[in-house]
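Everything below concerns the one structure shown next.
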Amino acid sequence: MIRIDTDPNRIDWFRVLADLQRAGVPMQSLSRLLHIPYSTIAGWRQGSEPKFIDGERLLQAWVGSPAENWSELRASARP
């Protein structure tokens, strides 16, 4: 059975991470920025819910960071 969550206040973590990836932010850079293992972030993309503080930091990165900071992150991810 597929569960459809109808809570209008639920955060779509997949969308948050997908938006960041579309902006060119590698998940490895996000992992370093938030001090969270990459595997944990990958779990959020697959439907897990982050701890409150981790989710709050991810949302701050999603809505509060100017684009130039993300270009710095993209540059730091290059080998």
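At-a-glance table
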| read-out | value |
| --- | --- |
| Residues within the stretch 48-79 that are surrounded by 13 or more Cβ atoms within 10 Å (Cβ to Cβ), at pLDDT 85 or above and in contact with a Gly (Cβ under 9 Å, 6 or more places away or on another chain), tallied | 1 |
| All positions within the stretch 19-34 that are within 20 Å of I53 (Cα to Cα) and among the basic types (K, R) | R32 |
| Qualifying positions in the stretch 15-31 - in contact (Cβ under 8 Å) with a residue 40 or more places away in the chain and charged (D, E, K, R) | D19 |
| Any hit, the stretch 10-29, residues being among the basic types (K, R), surrounded by 13 or more Cβ atoms within 10 Å (Cβ to Cβ), modelled with pLDDT of 65 or more and within 11 Å of the chain's Cα centre (by Cα) | no |
| Scope the stretch 28-41; condition more than 20 Å from R10 (Cβ to Cβ) and among the hydrophobic types (A, V, I, L, M, F, W, C); matching residues | L30, L33, L34, I36 |
| Condition check for I41: modelled with pLDDT of 90 or more, hydrophobic (A, V, I, L, M, F, W, C) and in contact with a Lys or Arg (Cβ under 9 Å, 6 or more places away or on another chain) | no |
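The values are calculated or read from the model by the stated rules, or taken from the named source; none is laboratory data. Remember, predicted model here, so these are calculated numbers, not experimental data. Positions of Cβ are backbone-derived with ideal geometry, glycine not excepted, and every protein chain shown enters the neighbour counts.
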